[in-house]
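Heads up: the structure comes next, in structure tokens.
Since every read-out is calculated from the coordinates, none of them should be taken as a lab result. All figures in this text were calculated on a predicted structure; none of them were measured in a lab. Every residue, glycine as well, gets a Cβ built from its backbone with ideal geometry; the counts of neighbours run over all protein chains shown.
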Amino acid sequence: MATTAEILGEVPFFALLDETERAALANHVDEKRMKQGTQIFQQNDPGGSLFIVRSGTVEIWIKKTTGEKMVLETARGGDFFGEISLLDGGPRTACATVLEDADLIVVDRADLDELFRIKPAAAMDLLSATGRRLRETNRLLRQAASKDINEETEDNRSRVERAADWVTEFSGSMTFLMIHIVVFAVWIMLNVAPFDASSFGDFDPFPFGLLTMCVSLEAIILSVLVMLSQNRQVARDRIRNDIEYQVNVSAEAKVAHLHEKLDHLHEEVLLRLERLEKQRPT
């Protein structure tokens, strides 16, 4: 069975350490095996440890204000997570769930001090990896939307609303205009000389009262359907404006928070490096 030092050798984060350094670090870290579906931690739980995935799959996610789940990262062999709470000592900023049975290495703050003492360059590797994760989270937040305006409105339409939308769209087309021009022209021609003398003519003589009534009824029905469609469009615009406002507010708050976290992490790592430099024998 592989020792903890050999396990650390398989993790890219510890690849720069030699066997002696990995053995020294292995005496401090812990190992855990977690089953599929296990909740490692939840958002706002107390932090204080970093997890390195030796094998298996762990999903890092958050729940948006609308209750929807947003996956930030899927950690696999060699990846690590939980470093923000480890560095600043604050609560967890996301949730972690085991998707496939996972073997994890648990590194606490004392273990991290030992790692930085052995290999100070590992601090910059940790900061770089954290920066990449924050950039990816920033990208997800910018692309995410609370709702889909089309899903919110289109899927809930009744048959009358669907018919109103179709009629409104069709009545504004050239096809609608050409059909009416042809119908009106044929109607009038059949009711004036010389076609009014035919067996199928003269059914609506001048001033074409039947045609006038049909056009009036069509106009009434068409106007009601158009108004129904316009009312739905007003509702769509209202939902769209609400969604845009929610997304803008959420993105602005999250981006500001990520920048604060990154600045804090940078300051924390620099302080640790400075403290380690002072402890090194001259």
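Assorted remarks:
- Each Cα pair under 8 Å and six or more residues apart adds its separation to the average, and for the stretch 164-207 the resulting relative contact order is 23 percent.
- Sequentially through the stretch 47-56, phi angles give Karplus couplings (6.51, -1.76, 1.60; θ = phi - 60°) of x, x, 8, 10, 10, 10, 8, 7, 8, x Hz, Gly and Pro residues having no value and appearing as x.
- Virtual spin-label span in nm between Gln279 and Tyr245, 7 Å along Cα→Cβ: 5.2
- From the alpha carbon centroid of the stretch 96-117 to that of the stretch 204-279 is 41 Å.
- Paramagnetic reach from Phe176 (point 7 Å along Cα→Cβ, amide N under 16 Å) across the stretch 201-231: 215-231
- Taking other residues whose beta carbon is less than 14 angstrom from the beta carbon of Thr212, and scoring Lys, Arg as +1 and Asp, Glu as -1, yields -2.
- Summed residue charge, Cβ within 13 Å of Asn231's Cβ, Lys/Arg positive, Asp/Glu negative: +1
- Stretching Val183 away from Gln43 to a fully extended chain increases their span by 43.7 nm, per 0.36 nm per residue minus the current alpha-carbon distance.
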